[in-house]
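Below: the structure, in structure tokens.
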Amino acid sequence: MQAEQDSLEKVVCETEVEIKNADGLHMRPAMQFVDIANQFKSDITVSNNETEVDGKSIMQMSMLAATCGTKLKIKAEGSDAQKVISALRELVEEKLFGEPPP
Amino acid sequence: MKFEDFVCFEATVPELQARDREGAIAEIVESLDKAGKLGKGNCKEITRVVIKREKEASTGMGKGVAVPHVKYKLVKDVILVKDVIAAIGLSSAGIDFSALDKQPVYSVILLISPADEPDKHLQAMENVFRHLQQEKFRKFLRQCRSAEHVEDLLREADENSSL
């Protein structure tokens, strides 16, 4: 995980997570992701190699087609960026969105 | 994946009679059944599971669109859903879908995916949302008045990624 601090207000954090639940990032996990993302002030972007989307938009998150094994880059910008990254990493990689692995 | 890979154009319902989401879902599933896409005697069961899924969390994503869907277990030789299959239903009056933005839904894209092919489901959804994301596409879809219009639009969208 990398953290870069411009000033006290503007923090940028990035991390890479791997989708580990068997069904991938379908709508229900995407909703959980967006719900958590929206609890924070930071701007959040999520990208696979091809597409970068707004991590707070369910429609955009559904465009990632992130199957099991896909690696996604999550970037947060704002005063609570560090918290964003740890909350989303926990959801994706530790809780597996409450779903089973393959 | 393109629309033509999974959308059953002949099952399009250009004007849904129902004003509620359960009725709308039933009409679209029935239309897929009439098009011979669901195998014999599965229509009611599939309708039931799509509605059950919809009640768990609305797929009315806002901006007048809803994407009800279900992953269906393939029962050998009974269910014909071996690939993702979808159909479009339109409502000029608007349907109460309990959408996220609490606004009526005018365009419904209903998907049935085989439970053991989660990646195909995601690829179909990616295609659906890539286009639904575009305001122009949503507007054109809502304006379609016949199954032919819908087919023309989706085929054009398959060719033109900016639509």
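The values are calculated or read from the model by the stated rules, or taken from the named source; none is laboratory data. A quick note: this is a predicted structure, and the numbers were derived from the prediction, not measured. Cβ sites come from the backbone with ideal geometry, for glycine too, and all protein chains shown count toward neighbours.
Okay, here's what the table says:
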| read-out | value |
| --- | --- |
| Any hit, region A:90-101, residues being closer than 29 Å to B:Gly64 by Cα and either touching a residue at least 12 places away in the same chain (Cβ under 8 Å) or within 13 Å of chain B (Cβ to nearest Cβ) (or both) | yes |
| Wholly enclosed helices (runs of 4 or more DSSP H) of region B:1-113 bearing at least 1 residues farther than 21 Å from B:Met125 by Cβ and without any contact (Cβ under 8 Å) to a residue 60 or more places away in the chain | B:21-34, B:43-56 |
| Selected residue (only one of B:Ile95, B:Ile112, B:Ile85 is within 17 Å of B:Asp5 (Cα to Cα) and either at pLDDT 95 or above or in contact with a Leu (Cβ under 7 Å, 6 or more places away or on another chain) (or both)) | B:Ile85 |
| Test: residue in region B:66-76 that is touching a strand residue (DSSP E or B) at 6+ places or on another chain (Cβ under 8 Å), hydroxyl-bearing (Ser, Thr, Tyr), within 14 Å of another protein chain (Cβ to nearest Cβ) and under 22 Å from B:Arg48 (Cα atoms) | yes |
| Residues being among the small types (Gly, Ala, Ser) and part of a strand (DSSP E or B) - total across region B:114-124 | 0 |
| Single unsatisfied condition, A:Val11 versus (1) surrounded by fewer than 16 Cβ atoms within 10 Å (Cβ to Cβ); (2) in contact with a helix residue (DSSP H, G or I) (Cβ under 9 Å, 6 or more places away or on another chain); (3) modelled with pLDDT under 95; (4) more than 9 Å from chain B (Cβ to nearest Cβ) | (1) |
| Enumeration of residues in region B:114-129 that are in contact with an Asp or Glu (Cβ under 9 Å, 6 or more places away or on another chain), free of Cβ contacts under 8 Å to residues at least 60 places away in the same chain and crowded, with 23+ Cβ neighbours inside 10 Å | B:His121, B:Leu122 |
| For A:Ser62: the one exception among (1) crowded, with 22+ Cβ neighbours inside 10 Å; (2) small (Gly, Ala, Ser); (3) under 12 Å from the mean Cα position of the chain (by Cα) | (3) |
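Here's the yes/no breakdown for (1) charged (D, E, K, R); (2) buried (at least 17 other Cβ atoms within 10 Å of the Cβ); (3) more than 14 Å from the chain's Cα centre (by Cα):
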| residue | (1), (2), (3) |
| --- | --- |
| B:Ala18 | no, yes, yes |
| B:Leu32 | no, yes, no |
| B:Arg48 | yes, no, yes |
| B:Pro68 | no, yes, no |
| B:Lys71 | yes, yes, no |
| B:Ala86 | no, yes, no |
| B:Ser92 | no, no, yes |
